[in-house]
Amino acid sequence: MEPIAMAIKFSDLSPAEQQEYRERMRHSAAHVLAEAVTKLFPGALLTIGPPIDDGFFYDFAVPEPFTPEDLAKIELEMRESIKANTEFVERETSRDEALELVRDNPYKVEILEGIPADERVTFCSHSDGAFEDLCRGGHVERTGDIRAYKLLSTAGAYWRGNENNTMLQRVYGTAWESRDAQKEYLQRREEAEKRDHRKLGRALDLFFFDPIAPASPFFLPKGAQVLNSLIGYVKELYQKYGYQEVMTPQIFNTDLWRKSGHLEAYAENMYFVDVDDREFGVKPMNCPAAAMLFQADARSYRELPMRLADFGRLHRNERSGVTQGLFRVRSMVQDDAHIFCTFEQIGQEISAFLEMLAESYGALGLEGHRFELSLRPEKRVGTDEMWDQAEAILTELLDNSGQAYTAEAGEGAFYGPKIDIFVPDALGRDWQLGTVQLDFSLPERFDLEYAAEDGTRKRPVVIHRAMYGTLERFLGVLIEHLAGAFPLWLAPVQVVVVPIADRHNDFCRTVGEKLRAKGLRVEVDDSSDRMNSKIRQAQLKKVPYMLVAGDREIEAGAVAVRSRTGEDLGAKPIDEVLELLIEQVATRH
RNA sequence: GCCCUAGUGGCGCAGUGGUAGCGCAACUGAUUUGUAAUCAGUAGGUCGGGGGUUCAAAUCCUCCCUAGGGCUCCA
């Protein structure tokens with residue numbers, strides 16, 4: 001590949017060209033980093049150094065991990081190369097020569113051996129050959145074209161991402177076409193940190209964690225209120241879309257998990273308890289319980305589709321290093337439901353689900369989500385015919401939905417294909433929320449049957465589905481999207497009534513009672529603080545509305561309405577305010 | 001699970017071998033105030049847990065627990 005020069009201004013490039021340019025610059029920065037590390041740590045072995053979103057990294061095999069001080073030194077060393085403004089040069093070599101050059105580096109040898117026979121093998125250098133790296137190419141013209149860069153962090157990373165391999169030391173950095181662009185990016189990161197749901201969870205009194213129950217949130221009254229409002233909304237949708245709610249036990253005799261296959265495939269993530277010499281497993285999923293409910297009676301085709309919703313609490317013993325705030329917990333609730341239906345009903349069921357999902361995401365203004373279709377994996381149950389048909393149905397539905405999606409071959413569960421919905425957090429990391437999965441296995445394992453119209457006994461299909469998925473995770477993503485400012489219908493405290501002086505307290509309490517009687521969540525701040533302070537408190541807690549009352553308002557039977565955006569909506573009669581609030585809650589605005 | 005970093009009153013932090021501190025919050029009193037912080041006082045900590053070094057440990061060593069960043073983006 002030919003180097004790209006900064007011959008024209010970055011801002012004149014098309015978005016695609018800008019993307020390309022940044023990738024080249026970041027990849028080039030990774031090379032400069034690699035050279036700096038080689039100079040400072042002579043024994044370090046180079047492995048890979050690709051551009052990534054917003055930056056680059058390079059993985060090194062070194063005996064000792066890098067310290068923060070090392071990082072500073074490396075950054076200074078990089079400055080020298082960039083100041084020198086030397087040219088990036090690529091040269092093609094024979095395989096034999098390449099092998100000779102990387103002989104002492106098993107990682108590079110492995111990379112080299114992985115290059116297809118019909119591809120060129122190239123090395124690149126930006127220091128007149130003094131430092132060379134096996135490289136596919138794609139650079140800027142000169143080191144000086146890396147206008148802004150910064151090393152951000154170090155981390156351990158397995159070679160090839162496989163935990164059975166050696167752990168390498170990764171250095172993360174960022175690089176930009178200008179100092180301003182970099183500054184903007186770093187500020188964006190800082191802003192994102194302010195939205196971190198773990199910080200806001202504390203600040204807004206929503207939840208906390210304690211080592212006594214690792215990775216298991218304690219929801220404070222306000223956090224529980226938000227979750228319950230969400231669940232209430234989901235229940236409304238269930239009513240509309242024909243679901244029935246069920247409740248099932250928390251722990252089951254291990255026999256059930258043996259039957260469902262979880263004991264074999266999922267035991268390491270489960271909690272077990274021994275009671276009276278019998279072993280029980282705490283449920284990590286609701287599916288087997290749903291299957292038992294289906295089996296509880298002789299089923300007819302007339303009952304299908306049967307949609308059973310279960311908000312049961314689940315426990316999964318996630319590996320210690322992967323838990324993360326509310327995003328990945330060990331104790332959770334899902335808006336989970338299982339649909340038992342005929343094969344012919346799959347299409348309409350999933351279609352209705354996608355409709356309900358769009359409705360619910362729309363209600364929360366969730367943007368930036370993407371769909372992923374996961375197709376058959378190597379190891380699977382069910383016939384090829386079933387997979388052919390099921391995949392065709394899902395593909396057609398997605399095509400017709402107009403929703404952009406990606407199809408991932410081999411990513412499906414062993415028991416069926418699925419569609420996952422991913423939503424990014426404040427830092428742009430994607431999290432799977434919604435999902436709809438076909439299951440060809442559960443009906444077999446539980447020998448589920450229904451009486452068909454012609455009197456024969458047939459096997460139903462099971463569809464697992466959730467819109468918000470794990471509600472803990474969903475809440476985390478939602479907090480970051482909204483920066484903690486919940487819409488009125490979700491806000492744990494919807495209104496704070498603020499008396500200006502003590503003599504206004506009684507009036508404000510009356511206002512509070514009036515709103516509360518209509519189902520609004522109201523607090524009256526009758527503390528001895530000044531009004532300014534009360535407003536500030538309410539602002540910090542992101543309460544949607546503050547109703548201020550002093551002599552003037554009492555005289556008029558009104559309250560002065562202030563929104564958390566700082567907007568002064570003026571004095572309004574209490575009944576009018578009440579009506580506005582109720583309307584806003586009802587329409588979920 | 002693995003690598004790095006961290007753990008000090010409810011929360012946010014300072015304190016690197018010699019008497020545990022600050023801000024916010026809490027509590028008490030005073031103040032009664034017009035849209036983001038009124039003033040004064042009081043109380044609160046076995047410094048994540050165990051073991052060790054030392055005359056002396058929040059501080060040094062060691063094991064464990066928990067949290068944060070990262071571990072599929074290929075030369």
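No lab work stands behind these numbers, since they all come straight from the coordinates. Note that the coordinates shown come from a computational prediction; the quantities given were computed from them, not determined experimentally. Reconstructed Cβ throughout: ideal geometry from the backbone, glycine too, with neighbour counts over all protein chains shown.
For a quick check: sort A:Ser127, A:Ser528 by the number of other beta carbons within 10 angstrom, fewest at the front. Walk me through the numbers before you get to the answer.
Values: A:Ser127 17, A:Ser528 7.
If I rank by nearby Cβ atoms, fewest first, I get A:Ser528, A:Ser127.
With the Cα gyration tensor of the stretch A:431-476 in hand, convert its eigenvalues to equivalent ellipsoid semi-axes via √(5λ) and list them largest first in whole Å.
Details: eigenvalues 208, 19, 10 Å².
Each semi-axis is the square root of five times an eigenvalue, giving 32, 10, 7 Å.
Among A:Ser81, A:Ser11, A:Ser563, what is the fewest-to-most ranking by other Cβ atoms within 10 Å?
Values: A:Ser81 22, A:Ser11 8, A:Ser563 13.
Starting with the residue having the fewest Cβ neighbours, the order is A:Ser11, A:Ser563, A:Ser81.
With unit charges on the beta carbon (Lys/Arg positive, Asp/Glu negative), name the residue among A:Thr174, A:Gly261, A:Ala549 whose Cα is farthest towards the positive pole of the charge dipole of chain A.
Checked the options; the winner is A:Ala549.
Which one of A:Ala290, A:Tyr301, A:Phe272 is farthest out on the positive end of the charge dipole of the stretch A:271-315, using unit charges on Cβ (Lys, Arg +1; Asp, Glu -1) and the Cα centre as origin?
So the residue furthest toward the plus end is A:Tyr301.
For a paramagnetic label modelled at 7 Å from the Cα of A:Glu385 toward its Cβ, which residues of the stretch A:444-474 fall within the zone defined by backbone nitrogen distances under 15 Å?
A:459
Given H placed 1.01 Å from N in the peptide plane, which residues other than close sequence neighbours of A:Thr86 have an amide H under 5 Å from its amide H?
The answer is A:Thr143, A:Gly144.
Using a simple spin-label model with points 7 Å from Cα along the Cα→Cβ vector, what separation in nm is obtained for A:Ser153 and A:Asp276?
Label-label distance for A:Ser153 and A:Asp276, simple model: 5.0 nm.
Can you pull the Rg over Rh of the stretch A:495-586, Cα-only, Kirkwood? Numbers along the way, then the final one.
Working: Rg = 11.8 Å, Rh = 12.8 Å.
Looking at the stretch A:495-586, the ratio lands at 0.92.
Between A:Ala267 and A:Glu23, how many nm apart are label points set 7 Å from Cα along the C-beta direction?
Each label point lies 7 Å from its Cα, and together they span 4.6 nm.
Sum -39500 (n - 2.57) across every DSSP H segment of at least 4 residues in chain A, then divide by the residue count to get the 222 nm mean residue ellipticity, nearest 500. Don't skip to the answer; put the middle values down first.
On the way: 18 runs with 217 residues, N = 589.
Helices in chain A give a 222 nm mean residue ellipticity of -11500 deg cm²/dmol.
Pick out, from A:Thr93, A:Ile74, A:Phe10, the residue whose Cα sits farthest towards the positive end of the charge dipole of the stretch A:10-194, with +1 on the Cβ of Lys and Arg and -1 on the Cβ of Asp and Glu.
Projecting each Cα onto the dipole axis, the largest value belongs to A:Ile74.
Using amide H atoms built in the peptide plane, which far-off residues or other-chain residues are under 5 Å from A:Asn317 H to H?
Placed amide hydrogens put A:Met270, A:Tyr271 under 5 Å from A:Asn317.
Compute log10 of I(q)/I(0) for the stretch A:1-117 with the Debye formula, placing one identical point scatterer on every Cα and leaving out solvent, at q = 0.23 Å⁻¹, to two decimals.
-1.42
Let's see if you can work this out: charge +1 on each Lys and Arg Cβ, -1 on each Asp and Glu Cβ, no other charges. What is the dipole magnitude of chain A about its Cα centre, in debye to the nearest 20?
Taking the Cα centre of chain A as origin, the dipole is about 1940 debye.
Placing one identical point scatterer on every Cα of chain A and ignoring solvent, what is log10 I(q)/I(0) from the Debye formula at q = 0.07, 0.09, 0.11 Å⁻¹?
-0.61, -0.94, -1.17
So between A:Asp118 and A:Glu444, what do we pick up on full extension, going 0.36 nm a residue minus the alpha carbon distance?
Values: separation 326, 0.36 × 326 = 117.36 nm, distance 4.76 nm.
Gain in length upon complete extension: 112.6 nm.
In whole Å, largest first, what are the principal axis extents of the Cα atoms in the stretch A:301-438?
On the principal axes, the stretch A:301-438 reaches 42, 33, 32 Å in Cα extent.
Let me check I've understood the local charge: for A:Arg147, count other residues with C-beta under 10 angstrom from its C-beta, Lys and Arg +1, Asp and Glu -1. What total comes out?
Numbers: positive: A:Arg179; negative: A:Asp145, A:Glu177, A:Asp180.
That works out to -2.
Sort out for me the Cα centre separation of the stretch A:421-471 from the stretch A:95-169, rounded to whole Å.
The stretch A:421-471 and the stretch A:95-169 have Cα centres separated by 43 Å.
Given a Förster distance of 35 angstrom, what is the FRET efficiency for A:Ala501 paired with A:Ala586, based on the Cβ-Cβ distance and rounded to 0.05? Please report the intermediate quantities before stating the final value.
Numbers: r = 34 Å, r/R0 = 0.98.
Efficiency computed from Cβ-Cβ geometry: 0.55.
Residue by residue through the stretch A:182-196, what is 3J(HN,Hα) from phi via Karplus (6.51 cos²θ - 1.76 cosθ + 1.60, θ = phi - 60°)? Round to whole Hz and write x for glycine and proline.
5, 4, 4, 5, 5, 5, 4, 5, 4, 4, 4, 5, 5, 8, 3
So which GluC sites (Glu not before Pro) in the stretch A:340-393 are both in a DSSP loop and have at most 14 other Cβ atoms within 10 Å of their Cβ? Mind dumping the intermediate values first?
Values: sites: A:Glu344, A:Glu349, A:Glu355, A:Glu359, A:Glu367, A:Glu372, A:Glu378, A:Glu385, A:Glu391; in loops: A:Glu367, A:Glu378.
Listed in order of number, the matching sites are A:Glu367, A:Glu378.
Quick test of your reading: applying the under-4.7 Å Cβ rule, which cysteines of chain A are isolated?
Lone cysteines by the Cβ rule: A:Cys287, A:Cys341, A:Cys508.
Using each residue's phi in the stretch A:575-584, evaluate 6.51 cos²θ - 1.76 cosθ + 1.60 at θ = phi - 60° and report the 3J(HN,Hα) Karplus result to the nearest Hz, with x for Gly and Pro.
So the Karplus estimates, Gly and Pro as x, are 4, 5, 4, 4, 5, 4, 5, 5, 4, 5 Hz.
Figure the gain on full extension for A:Ala203 and A:Thr565 (residue separation times 0.36 nm, minus the Cα-Cα span) and round it to one decimal in nm. Display every interim value, and only then the final one.
Numbers: separation 362, 0.36 × 362 = 130.32 nm, distance 1.81 nm.
This chain segment gains 128.5 nm when fully extended.
Taking neighbour Cβ counts within 10 Å as the exposure measure, how do A:His504, A:His126 sort from fewest upward?
Details: A:His504 21, A:His126 28.
With the fewest neighbours first, A:His504, A:His126 line up as A:His504, A:His126.
Rounded to the nearest 0.05, what FRET efficiency do A:Arg536 and A:Leu99 have when you use their Cβ-Cβ distance and R0 = 56 Å?
Calculated value: 0.25.
What does the charge dipole of the stretch A:10-194 about its Cα centre add up to, to the nearest 20 debye, if the Cβ of each Lys and Arg holds +1 and the Cβ of each Asp and Glu holds -1?
On the way: 23 positive and 37 negative charges, 88 e Å.
Using only the charged Cβ atoms, the result is roughly 420 debye.
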